[in-house]
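Some notes on the structure that comes next.
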Amino acid sequence: MENNFKKFANENLQPKTFTFDNINLGKAKEIIKMYPKNYKESSIMPLLSIAQNQNDGWLPKKAIEYVSAFLNVPEIKVLEIATFYSMYNLSPVGKNHIEVCTTSPCMLRGSDEILVKLKKLIGANIGEVSKDCVFSLNKVECLGACVNAPIVKINQNYYEDLNLQSVEELINKLRVNKKIKIGPQSSRKGSEPRKN
């Protein structure tokens with residue numbers, strides 16, 4: 001039940017270099033402009049997110065070094081952030097990286113059962129990538145949408161008001177690249193009371 005995505009990938013998986021592509025370089029420069037010059041460390045998190053998105057959902061060592069050099073901040077500052085926050089992955093993830101919230105509100109609404117179901121559906125345990133590399137699974141603490149518990153985050157999107165049936169439908173659609181509805185998977189609007 002260990003989070004293997006917080007361990008650096010083996011050297012054979014690490015790219016030799018990393019730089020932002022032209023689009024992401026432009027985004028990074030715009031982000032830096034939003035902060036006072038003496039607070040450039042404040043842009044570490046958004047720049048790590050850009051790097052991770054550019055690199056198929058994970059941060060190689062070279063990306064951490066690059067962000068450090070790009071901002072001219074000590075590498076340890078970037079490394080501390082990359083290793084602390086669960087949103088950053090230090091090893092490859094599946095095409096659909098699934099994060100299951102297991103904090104109290106989600107747990108009380110069935111996240112433990114959803115986690116068990118997901119393991120069976122994708123054929124991977126927590127901290128693993130499925131054999132076909134389509135899915136990876138992780139459990140996280142609080143995704144911040146407690147009112148619509150239980151919640152699962154897949155890549156950048158939240159799927160809320162889940163149950164075992166809706167989770168299976170999500171996975172089946174993702175497996176065949178069908179479009180899936182982001183947000184609540186019930187007919188409930190916003191945080192209105194549940195009908196059950």
Handout entry: Filter result (modelled with pLDDT under 95 and either touching a strand residue (DSSP E or B) at 6+ places or on another chain (Cβ under 9 Å) or aromatic (Phe, Trp, Tyr) (or both)) within the stretch 11-35
Key = Tyr35
Handout entry: Selection from the stretch 36-56 of residues that are surrounded by 19 or more Cβ atoms within 10 Å (Cβ to Cβ) and either within 15 Å of Gln14 (Cβ to Cβ) or modelled with pLDDT under 95 (or both)
Key = Ala51, Gln52
Completion exercise
Condition set in contact with a helix residue (DSSP H, G or I) (Cβ under 7 Å, 6 or more places away or on another chain) and of a type in the set (Asp, Glu), scope the stretch 136-173, selection surrounded by the most Cβ atoms within 10 Å (Cβ to Cβ): answer is Glu160
Handout entry: Candidate set from the stretch 57-90 (those that are among the polar types (S, T, N, Q) and part of a helix (DSSP H, G or I)); member that is surrounded by the most Cβ atoms within 10 Å (Cβ to Cβ)
Key = Ser68
Exercise for the section: Evaluate the stretch 91-103: report whether one residue or more is under 25 Å from Ile50 (Cα atoms), touching a Gly at 6+ places or on another chain (Cβ under 7 Å) and buried (at least 20 other Cβ atoms within 10 Å of the Cβ). Expected result: yes
Completion exercise
Restricted to the stretch 161-196 and to residues being out of contact with any Lys or Arg (no Cβ under 9 Å at 6 or more places or on another chain) and acidic (Asp, Glu), the residue modelled with the highest pLDDT is Glu169
Completion exercise
Among Asn138, Asn177, the single one that is outside any helix (DSSP H, G or I) and either over 16 Å from the mean Cα position of the chain (by Cα) or assigned by TED's automatic domain parsing to the domain that holds Trp58 (or both) is Asn177
Handout entry: Sole exception among (1) in a loop (DSSP other than H, G, I, E, B); (2) modelled with pLDDT of 95 or more for Phe8, by number
Key = (2)
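The values are calculated or read from the model by the stated rules, or taken from the named source; none is laboratory data. Owing to the predicted nature of the structure, the values given are computational and were not obtained by experimental measurement. All Cβ positions, even for glycine, are placed from backbone atoms using ideal geometry, and neighbour counts span all protein chains on display.
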